[in-house]
Amino acid sequence: MDGSGSWDAIDWNQIEDPRPRRLGQAVKESMDDFLLEDEAVIAQGMKPEILIRLSKPDQQINAPFEQMRQKQFDEVLVNAQFFFGEYTILEDFFLGHGVVLLNIREAGTLSVTNFRLLFVSQAKKCVIELGTIPLTTIEKLNDDVKLQPLPHLSDKSRPRELLQVIGKDMRIIVFAFVPKTKQKNEVFDALRKYTKPANLWDLYAFSCDPSTIKNDSEPKWRLLREYFRLFRKSLPQLRGAEEVSLSNDWWRLTRVNSSYSLCSTYPTELIVPRSISDEDLFQASTFRSGKRLPVISWCDPGSGAVLARSSQPMVGLMMNFRNNADEKLVCALSSRTTGDKGSPRKLYIIDARPRANALANGAKGGGSESSSNYPRSEVLFLGIQNIHTMRESLSRLRDYVDAHGSISSNGTPSAVSVVGDRRNRGSTWGGGNLNSMTSFSSTLGEWLNHIQNILVGASWIAAQIAEEAATVLVHCSDGWDRTTQLVALSCLLLDPYYRTFSGFQALVEKDWLAFGHPFAERMGVPTVAENGGSQYELLRQPSLGNLSSSPSRNAIGPSGPSSNASAQSQTSNNSSPILLQWLDCISQLLRLYPSAFQFSSKFLVDFMDCVLSCRFGNFLCNSEREREQSGVTNSCRCMWSHLADLRASGGSFHEHYNPFYDPVKHNGALLPPAAALAPTLWPQFYLRWTCPIESQGGDLESQWHAMTKKYAEAMKAKDIAELRAKDIKMKMESVKQELQRGKRASNTALATAQSAQRENAAIKKAIESIGCTIKFSTSGNQEDRTEVLSCSLRRGTDVRDQEDENGDFSVSISAIEDSLVSESPGDHFCESLCPFRTREGCRWPDAPCAQLGSQFVGLKANFDAFDRLSIQDCYFGPE
């Protein structure tokens, strides 16, 4: 890496206060946002220092400086030029906490927590996924790595302090530290300690509060539920310690191993032939390695076909040892019914090992069956290699992918600069040298050949069971590695239920967990010993590494004796990628049958990452018995619940769902032809670190999920717009209702005003009819010639008579003076007839007639009518 590259990786404006702070305070302030629940920082590469290497033509000077801002740094360069003359920046600049992820040339903070190695970008202020790896996923550490000069860079010496981390997930990352500081030592010492915990309970999975753990059910009950499903029955509601009874014409459920006395690595409940007693099972177990006697893993109640598993028989070197109980048990697996006297069905005994390996095991007392000892049987060898060969093959594939990916652990994109075999010092594809291509084909072909062997073997087993209703017994040496791969993959092909999320969980819990695949040994983590203590085989025989055997090691540089002494290998002789191979086979089937699986390739990747991280307790220890002893079920969180929560958070569009899943189309067994079983590299897993773009480029699932994500965002925007439109509509309705209420109130007020106007007009007319005048006047303009009979009123009558709209007006009702009263005959009649008239004349309205409501007011009599009135005698009757 040259100097200009490091300049781009540094954000000088984000340098914090150079005053030193305590580690705990700094960590708390800067890392809390990036830590998981119950995660705590143990060590951190933090040293506020910059190392600048300045050089004159005849000398070289190292100048350490404390943290500084851009202006201060410019001053340093000016002073350096003044004192030293012409200089050249030869060394990279490491600011902040002084760590650079060399793969992508990203500067940041490197922390060791109780769960992972955490790298946070200084510029982006976010977790860099490539530089963040769980501690249990780390396979090897190397603290003495030197970058070999590459052709396009300067040949001058560039001493760096580097730390190489090799992961079990195909990751090789290199961190560069500030030279001559304690940063790297602090990180390396913490990694060396916490990646190899002394006890099982030191793992992060046990750091959670047990009271917060909510497990739906015990693994034993889930296994029992799966057994009932295989028998096509429903699990009854049980109370207390009531035992379960399950049987049919062929098989039965036995609890003979309830205390693990029959076999310590088998589950407590086993399915065995109905004709075999528990005593026969004990006798048969003595003839099998590890007492792993033949038991049923999958069965078809319709046809009676059986898929059974076991370990190798102890036949001895001469293959002449026999066991009557074992032969009786194996023959019972292939019987048609308990009372059927006819010939048994065909029995295939599948030995997953190469024939030579099976014979070699005879020297240790093992071996393979003889078809002559088992009626209607046939013994076949699949030639699948052992765990050590698989581990070395994956290691070579990892090294080559790292050396030739677009992102390499030495910080150089090989696709641009050095794309050839680095052992040939930079030969390229176009240079006419095909050594690299040949090496790549050999490395890739070796791994894919192992995958193909497993695929072919499982497909053949499934075909015999589905087409012939045959009985197949599968075993290898111990019956927990290659046997588990073949049996679990065959079940996946035979039963469509196992191709769903719930079925996948049931399959893993049955054939991988319950039947004792040694996850602790294969992943290199501690477990519990037989006496309940802790054993850690990972520490027994640390490897010194082999940097000269892989391309990436040679690219990094030769390792001397000190390098071998410091290289830390965290893999025991028993670690191996057995589970990874099984998931790789499923990814190949997913490619062949894209609509047959409910889950996607991304789900398989995340599943594998969860297992390697040891964040959950499901895959700790080597057997069901050890997990019970350690109490992982009640002390650790459940991985299945975690994955279910992830799917629930994204709904049906989550990336774990296979968008092409069609359960109706593939509702039976999958029987791929041999010609179709040509595997390809699983890019989503093997290329995700070194070729991130290419690993997803041709994946239809990824493209669909990308389109679905955009669609979901568009639908979300649509929902927001609809909510806003609905809100606006509601507001408009509210305003409309308010306007209608105002209109109704206005109409009511108008009607009231009109009614009052009519009443006022009637009152005015009535008052005028009794000889009074009504005068309307505004406040302050009244001329009171007469006696006022009414008080002032607020404006409420005819506004047309008002002079001032802003003032009050009054209504005055006055009696008319006698001189103004008209001399009408009616008035004379009233005066002459009124009994209340005085000498002074009519005193209305103060006269008693007005106050008493006299009936004479306004009365006009026509006396002439009386004179003309004739009274007839007929009006009166006889006396």
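If we keep just the residues of region 638-662 that are acidic (Asp, Glu) and assigned to a loop (DSSP other than H, G, I, E, B), which is most open to solvent (accessible area, probe 1.4 Å)?
Restricting to residues being acidic (Asp, Glu) and assigned to a loop (DSSP other than H, G, I, E, B), the top hit is Glu655.
Does Ser502 satisfy the criteria of being open to solvent by 10 Å² or more (accessible area, probe 1.4 Å), more than 16 Å from Gln588 (Cα to Cα) and without any contact (Cβ under 8 Å) to a residue 40 or more places away in the chain?
yes
If you go through region 725-747 one residue at a time, do you hit one that is open to solvent by 40 Å² or more (accessible area, probe 1.4 Å), at pLDDT below 90 and not aliphatic (A, V, I, L, M)?
No, because not a single residue in region 725-747 is open to solvent by 40 Å² or more (accessible area, probe 1.4 Å), at pLDDT below 90 and not aliphatic (A, V, I, L, M).
Can you confirm whether region 554-563 contains a residue that is modelled with pLDDT of 50 or more and among the hydroxyl-bearing types (Ser, Thr, Tyr)?
Looking through region 554-563, none of the residues is modelled with pLDDT of 50 or more and among the hydroxyl-bearing types (Ser, Thr, Tyr).
Under 7 Å between Cβ atoms, at least 6 apart or on separate chains: pull out the pairs that start in region 106-119 with a residue that is touching a residue at least 12 places away in the same chain (Cβ under 8 Å) and open to solvent by less than 10 Å² (accessible area, probe 1.4 Å) and end on any residue that is of a type in the set (Ser, Thr, Tyr) and assigned to a strand (DSSP E or B).
Gly108/Ser121; Leu118/Ser111
Only one of (1) touching a Leu at 6+ places or on another chain (Cβ under 8 Å); (2) open to solvent by 50 Å² or more (accessible area, probe 1.4 Å) is not met by Asp209, so which one is it?
With (1) touching a Leu at 6+ places or on another chain (Cβ under 8 Å); (2) open to solvent by 50 Å² or more (accessible area, probe 1.4 Å) applied to Asp209, the lone miss is (1).
Table: residues versus (1) of a type outside the set (Val, Ile, Thr); (2) farther than 21 Å from Thr471 by Cβ.
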position: Thr254; (1), (2): no, no
position: Tyr260; (1), (2): yes, yes
position: Tyr266; (1), (2): yes, no
position: Ile271; (1), (2): no, no
position: Arg274; (1), (2): yes, no
position: Ala284; (1), (2): yes, no
position: Lys291; (1), (2): yes, yes
position: Ile296; (1), (2): no, no
position: Val306; (1), (2): no, no
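Within region 163-208, how many residues are without any contact (Cβ under 8 Å) to a residue 40 or more places away in the chain and in contact with a Pro (Cβ under 6 Å, 6 or more places away or on another chain)?
Of the residues in that region, 0 qualify.
Of the residues Leu317, Leu382, which is in contact with a strand residue (DSSP E or B) (Cβ under 7 Å, 6 or more places away or on another chain) and open to solvent by 10 Å² or more (accessible area, probe 1.4 Å)?
Of Leu317, Leu382, the one residue that is in contact with a strand residue (DSSP E or B) (Cβ under 7 Å, 6 or more places away or on another chain) and open to solvent by 10 Å² or more (accessible area, probe 1.4 Å) is Leu382.
Out of all the residues in region 274-296, is one or more open to solvent by 20 Å² or more (accessible area, probe 1.4 Å), closer than 20 Å to Ala352 by Cα and of a type in the set (Gly, Ala, Ser)?
Checking region 274-296: at least one residue is open to solvent by 20 Å² or more (accessible area, probe 1.4 Å), closer than 20 Å to Ala352 by Cα and of a type in the set (Gly, Ala, Ser).
Which ones in region 163-181 are at pLDDT below 90 and either in contact with a helix residue (DSSP H, G or I) (Cβ under 8 Å, 6 or more places away or on another chain) or not assigned by the TED database to the domain that holds Gly108 (or both)?
Within region 163-181, just Phe177 meets the criteria.
Tally time: how many residues in region 240-290 are closer than 30 Å to Asn361 by Cα and aliphatic (A, V, I, L, M)?
Qualifying residue count, region 240-290: 8.
Taking the stated definitions as given, is Ser247 touching a residue at least 12 places away in the same chain (Cβ under 8 Å) and either farther than 30 Å from Ser630 by Cβ or open to solvent by less than 20 Å² (accessible area, probe 1.4 Å) (or both)?
Taking the combined requirement at face value, the residue satisfies it.
Return the residues of region 663-677 that are assigned to a loop (DSSP other than H, G, I, E, B) and surrounded by fewer than 12 Cβ atoms within 10 Å (Cβ to Cβ); say none if nothing qualifies.
Of everything in region 663-677, those that are assigned to a loop (DSSP other than H, G, I, E, B) and surrounded by fewer than 12 Cβ atoms within 10 Å (Cβ to Cβ) turn out to be Val664, Lys665, Asn667, Gly668, Pro673.
Being touching a His at 6+ places or on another chain (Cβ under 7 Å), of a type in the set (Gly, Ala, Ser) and either at pLDDT below 90 or over 23 Å from Asn449 (Cβ atoms) (or both) narrows it down to one residue among Ser417, Ser343, Ser370; which is it?
Answer to the check: Ser417.
Can you spot a residue in region 342-353 that is among the charged types (D, E, K, R), farther than 20 Å from Glu468 by Cβ and under 44 Å from the mean Cα position of the chain (by Cα)?
Yes, region 342-353 contains at least one residue that is among the charged types (D, E, K, R), farther than 20 Å from Glu468 by Cβ and under 44 Å from the mean Cα position of the chain (by Cα).
The values are calculated or read from the model by the stated rules, or taken from the named source; none is laboratory data. Predicted, not measured: the structure shown is a model, and the values here were computed from it. All Cβ positions, even for glycine, are placed from backbone atoms using ideal geometry, and neighbour counts span all protein chains on display. These accessible areas exclude ligands, DNA and RNA; they are computed on the full protein's heavy atoms, side chains included. Shrake-Rupley method; radii C 1.70, N 1.55, O 1.52, S 1.80 Å.
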